[in-house]
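Here is the structure we will look at, set down as structure tokens.
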Amino acid sequence: MWDKRPDTIVHEESPFNAEPARSALCGRDVTPVDTFYSRNHGPIPEITKDDWQLRITGLVTTPLALSFAELTGRFDTHAVIATLQCAGNRRTGFNQVRDIPGEDPWGPGATSTAEWRGARLRDVLQAAGVQDDPSLHVAFGAPDVSDLATPVQPYGGSIPLPKAMSEEVLLAWGMNCEPLPRVHGGPVRVVVPGFIGARSVKWITSITVQPEPSDNFFQSRAYRILPADADPDTAKPGDGISLSSVALNCDVLAPEDGATVPAGPMTLHGYALAGDDRTVERVDVSFDGGSTWTQAALEPTHSKWGWQLWSFALCAAPGPLHVTVRAWDSTGSTQPESAATLWNPKGYANNSWATANFDVT
Ligand code: MTE
């Protein structure tokens, strides 16, 4: 479905929600398009390049309406390798603490990295004469109507103007040197490296510069950390904490969790990711549930906005092997130990220590 590889784990066919097996992500700086996870809240629109138009309005001196040819011809093209991670990544860890009804049980694969190609959002906003006020917000509108929203409405979201003016934020029409596929937002999507995937609005058709964050359901009601005792069905717009920067996270990608592996030399592989203005500085591995830790080897990075791959070589003795990993970022912060302390009613941002278990024979 949607040209994804046959071993893709499909949570829902409509709206299409699917993630790769963790081992499919392993060892690659850039995730192939057929492997990249896909997260949708409504039917996937079909918009041709000829039909597509982007309107830029609000607190700008020169409102614009750009065709695909104008966007791609008028502005310089830039490429950014960036990881997208859904805020629901690793929700299965929360489900083990307490059930989260109505939300897909995403495993570790709602995380993928691509080379995105497009115009800088900054260049387009400057062409529209955006006001220079860091308190403003840039709201994105899309045509896919979601009946998961209350009331039913098209998908949308916003980011603060200072982030929108950062050089890494793109209006992308290319993914891994191909035209942006329809399922990933083609012909044009926003890519907001360092922020939760929800802000990288697909099939973008409107940009509005405004004093407040977007009042779209997926900004004002969803993708917020509600208190553990809150009822998401009765939460009001603005309740909870709005998610922006993606949380520091890491995982084991290979071998597959639960695999049987032969005794002797083996190598663990994984990724780590630090949000927005932070970088991954270290990944630690523990074989005793976190009492003692040893450093993993970090591979060279190809982009500040992409994930950091790591590996750890060991000699495995026969018996059960329990692996725990955690990352540290450039602010000196590390990941919290348990999902129970982070549990929230919508199941967002599980960045607790990651674990994998192997049977060594
Ligand atoms: N944009 C639109 N228009 N509609 C959506 O449902 N989902 C968001 C974001 N942009 C979404 C969207 C979420 S929650 C994520 S995690 C990313 O797209 C997923 O992008 P992908 O499907 O290309 O992996």
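None of the figures in this text is laboratory data; all of them are computed from the coordinates on show. Quantities reported herein were computed from a predicted structural model and do not represent experimental measurements. FYI the Cβ positions are ideal-geometry reconstructions off the backbone, even for glycines, and counts take in every protein chain you see.
Okay, residues lined up against (1) over 28 Å from Glu212 (Cα atoms); (2) basic (Lys, Arg); (3) in contact with a strand residue (DSSP E or B) (Cβ under 6 Å, 6 or more places away or on another chain):
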{"residue": "Val10", "(1), (2), (3)": "yes, no, yes"}
{"residue": "Arg28", "(1), (2), (3)": "yes, yes, no"}
{"residue": "Leu54", "(1), (2), (3)": "no, no, yes"}
{"residue": "Gly58", "(1), (2), (3)": "no, no, yes"}
{"residue": "Ala65", "(1), (2), (3)": "no, no, yes"}
{"residue": "Gly73", "(1), (2), (3)": "yes, no, no"}
{"residue": "Asp76", "(1), (2), (3)": "yes, no, no"}
{"residue": "Ala79", "(1), (2), (3)": "yes, no, yes"}
{"residue": "Gly88", "(1), (2), (3)": "no, no, no"}
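Residues that are farther than 17 Å from Asn176 by Cα and of a type in the set (A, V, I, L, M, F, W, C): does segment 33-44 have at least one? So far as segment 33-44 goes, yes, one or more of its residues are farther than 17 Å from Asn176 by Cα and of a type in the set (A, V, I, L, M, F, W, C). Would you confirm whether or not segment 267-287 contains a residue that is over 27 Å from Pro227 (Cα atoms) and of a type in the set (Lys, Arg)? Yes, segment 267-287 contains a residue that is over 27 Å from Pro227 (Cα atoms) and of a type in the set (Lys, Arg). For segment 150-171, a residue qualifies if it is closer than 23 Å to Lys49 by Cα, buried (at least 23 other Cβ atoms within 10 Å of the Cβ) and not hydroxyl-bearing (Ser, Thr, Tyr), and the qualifying residues are Gly156, Gly157, Val169, Leu170, Leu171. Selection of segment 59-71 for residues being in contact with a Lys or Arg (Cβ under 9 Å, 6 or more places away or on another chain) and either assigned to a helix (DSSP H, G or I) or of a type in the set (A, V, I, L, M) (or both) yields Leu64, Ala65, Leu66, Phe68, Ala69.
Pull up segment 90-107, narrow it to residues that are among the hydrophobic types (A, V, I, L, M, F, W, C) and part of a loop (DSSP other than H, G, I, E, B), then point me to the one that is nearest to Asp231 (Cα to Cα). Give the steps one after another, and end with the answer.
Filtering segment 90-107 for residues among the hydrophobic types (A, V, I, L, M, F, W, C) gives 94, 97, 100, 106.
So of that shortlist, the ones also part of a loop (DSSP other than H, G, I, E, B) come out as 97, 100, 106.
Working: Val97: 17, Ile100: 11, Trp106: 21 Å.
My answer is Ile100.
When the residues of segment 350-361 are filtered to those that are touching an Asp or Glu at 6+ places or on another chain (Cβ under 8 Å) and in a loop (DSSP other than H, G, I, E, B), the one that is surrounded by the fewest Cβ atoms within 10 Å (Cβ to Cβ) is Trp353.
What about Gly347, is it outside any strand (DSSP E or B) and surrounded by fewer than 21 Cβ atoms within 10 Å (Cβ to Cβ)?
On the way: outside any strand (DSSP E or B): yes; surrounded by fewer than 21 Cβ atoms within 10 Å (Cβ to Cβ): no.
No: the conditions fail for Gly347.
Scanning segment 116-136 for residues that are away from the ligand (no atom under 16 Å from the Cβ) and either assigned to a helix (DSSP H, G or I) or under 28 Å from Glu46 (Cα atoms) (or both) returns Ala119, Arg120, Arg122, Asp123, Val124, Leu125, Gln126, Ala127, Ala128.
This table checks each residue for (1) surrounded by 15 or more Cβ atoms within 10 Å (Cβ to Cβ); (2) of a type in the set (D, E, K, R); (3) touching a residue at least 60 places away in the same chain (Cβ under 8 Å).
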{"site": "Asp231", "(1), (2), (3)": "no, yes, yes"}
{"site": "Pro262", "(1), (2), (3)": "no, no, yes"}
{"site": "Val283", "(1), (2), (3)": "yes, no, no"}
{"site": "Thr292", "(1), (2), (3)": "no, no, no"}
{"site": "Ala296", "(1), (2), (3)": "yes, no, no"}
{"site": "Leu309", "(1), (2), (3)": "yes, no, yes"}
{"site": "Phe312", "(1), (2), (3)": "yes, no, no"}
{"site": "His322", "(1), (2), (3)": "no, no, no"}
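Note on segment 172-191: residues that are within 11 Å of the ligand (Cβ to nearest atom) and surrounded by fewer than 22 Cβ atoms within 10 Å (Cβ to Cβ) total 3.
Considering Ile56, Ile44, Ile9, the condition of being within 16 Å of the ligand (Cβ to nearest atom), touching a residue at least 60 places away in the same chain (Cβ under 8 Å) and more than 16 Å from Gly186 (Cα to Cα) is satisfied by Ile9 alone. Taking the criterion of being within 30 Å of Trp116 (Cα to Cα), of a type outside the set (Ser, Thr, Tyr) and surrounded by fewer than 20 Cβ atoms within 10 Å (Cβ to Cβ), the only residue of segment 330-341 that qualifies is Gly332. For segment 57-103, a residue qualifies if it is within 28 Å of Asp147 (Cα to Cα), surrounded by fewer than 21 Cβ atoms within 10 Å (Cβ to Cβ) and among the charged types (D, E, K, R), and the qualifying residues are Arg98, Asp99, Glu103.
Only one of Ala82, Ala18, Ala110, Ala87 is free of Cβ contacts under 8 Å to residues at least 60 places away in the same chain, within 26 Å of Ile225 (Cβ to Cβ) and within 16 Å of the ligand (Cβ to nearest atom). Can you tell me which? Within the list Ala82, Ala18, Ala110, Ala87, the selection yields Ala18.
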